[in-house]
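The structure under discussion appears below in the form of structure tokens.
The values are calculated or read from the model by the stated rules, or taken from the named source; none is laboratory data. Just so it is clear, the model here is predicted, and its values are computed rather than measured. When we count neighbours, we look across all protein chains shown, and the Cβ atoms used for this are built from the backbone with ideal geometry, even at glycine. Just the protein is used for accessible areas: all its heavy atoms, side chains included, with ligands, DNA and RNA removed. Shrake-Rupley method; radii C 1.70, N 1.55, O 1.52, S 1.80 Å.
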Amino acid sequence: MTNSSSSKKHGQDQPELSGPTPKSQRTKMGKSEDNDKKNMGKKLKDLEISVPIVYGNIAFWLGKKASEYQSHKWTVYVRGATNEDLGAIVKRVVFQLHSSFNNPTRVVESPPFELSEAGWGEFEVAITLYFHSDVCDKPLNLYHHLKLYPEDENSSMSAKKPVVVEFYDEIVFPDPSEAFLARVQSHSAVNLPRLPAGITLPPPIPVEDASKRRKGDTKDHSLSQWFTNFSEADELLQLAAARQQVQAHIAKLRRQINLIDGQHQQQFKSSSDQ
């Protein structure tokens with residue numbers, strides 16, 4: 001299948017290719033509507049659950065013998081940041097391709113959430129994540145520019161190593177439901193908050209056997225050797241979040257100190273006037 005939405009880039013053979021520098025971000029979802037309290041239980045106020053994901057594409061040049069309009073085979077996907085199964089959080093993913101493709105709206109109902117095609121053109125892929133009902137009732141829209149050719153137009157192409165373009169995003173769910181937190185409290189794809197005193201959760205819900213649990217992850221994926229390692233990005237985001245908490249705590253202590261100093265000064269002034 002072909003695509004004609006963007007200009008084609010040409011190059012000469014070269015043993016290695018590389019995409020743009022991976023980027024990291026943090027997306028905070030809107031709070032879900034309280035329209036299904038019986039199924040979700042109460043909301044846990046002032047808590048956040050975060051799910052690190054990676055989305056992007058891997059593209060292989062098919063070599064000089066490939067047809068002009070079938071020059072590349074590519075895969076666009078959403079995966080766990082360290083290749084965990086996202087099926088406990090994400091219900092389905094919709095990939096919106098260029099209109100020149102047959103059936104451009106592709107729906108993937110189970111992990112791994114990926115789509116493979118062939119063509120020659122680069123274009124923007126709209127990726128919509130729909131979550132399970134106890135996670136969030138609002139979808140998340142992502143946009144990824146499908147890359148087939150190296151950033152440097154003077155670089156040559158190689159059939160041995162693909163172009164890889166990936167982005168890290170940490171999806172944050174504020175005020176999660178008890179049902180959501182109880183269901184994923186032992187899931188490796190989820191970063192859980194420290195529960196405040198007085199809040200207890202029921203025992204973790206038993207998961208399927210190991211073979212089923214691993215079915216949706218991408219640890220043994222055929223493309224995993226090309227995946228970017230985002231563990232450092234994850235650590236940096238965690239450090240940044242911790243730094244913000246520390247700064248907020250310091251600001252709170254300063255306000256308390258200023259308040260106490262103001263009270264002492266007022267008392268001192270009152271005693272001096274007597």
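Just a yes or no: is a residue in the stretch 84-98 open to solvent by 60 Å² or more (accessible area, probe 1.4 Å) and of a type in the set (A, V, I, L, M, F, W, C)? No, the stretch 84-98 has no match at all.
Among the residues of the stretch 43-61, are any out of contact with any Phe, Trp or Tyr (no Cβ under 8 Å at 6 or more places or on another chain), at pLDDT below 60 and crowded, with 19+ Cβ neighbours inside 10 Å? Within the stretch 43-61 (the criterion being out of contact with any Phe, Trp or Tyr (no Cβ under 8 Å at 6 or more places or on another chain), at pLDDT below 60 and crowded, with 19+ Cβ neighbours inside 10 Å), the answer is no, since none of the residues qualifies. Against the condition farther than 30 Å from MET29 by Cβ, out of contact with any Ser or Thr (no Cβ under 9 Å at 6 or more places or on another chain), among the aliphatic types (A, V, I, L, M) and without any contact (Cβ under 8 Å) to a residue 40 or more places away in the chain, how does ALA66 come out, does it pass? The answer is yes for ALA66.
Only one of the numbered conditions (1) open to solvent by 20 Å² or more (accessible area, probe 1.4 Å); (2) of a type outside the set (Phe, Trp, Tyr); (3) in contact with a helix residue (DSSP H, G or I) (Cβ under 6 Å, 6 or more places away or on another chain) is violated by VAL107, and that is (3). Cβ-Cβ contacts under 9 Å between residues 6 or more apart (or on different chains), taken from a first residue in the stretch 243-254 that is open to solvent by less than 70 Å² (accessible area, probe 1.4 Å) to a second residue that is β-branched (Val, Ile, Thr) and modelled with pLDDT of 80 or more, are absent.
Here PHE180 fulfils each of the conditions (1) in contact with a Cys (Cβ under 9 Å, 6 or more places away or on another chain); (2) part of a strand (DSSP E or B) apart from (2). GLU114 falls short on exactly one of the conditions (1) part of a strand (DSSP E or B); (2) of a type outside the set (Phe, Trp, Tyr); (3) open to solvent by less than 20 Å² (accessible area, probe 1.4 Å), and that condition is (3). How many of the residues making up the stretch 76-98 are assigned to a loop (DSSP other than H, G, I, E, B) and closer than 19 Å to TYR168 by Cβ? So the count comes out to 7. Once the stretch 62-83 is narrowed to residues that are open to solvent by 40 Å² or more (accessible area, probe 1.4 Å) and touching a Gly at 6+ places or on another chain (Cβ under 8 Å), the residue that is modelled with the highest pLDDT is GLN70.
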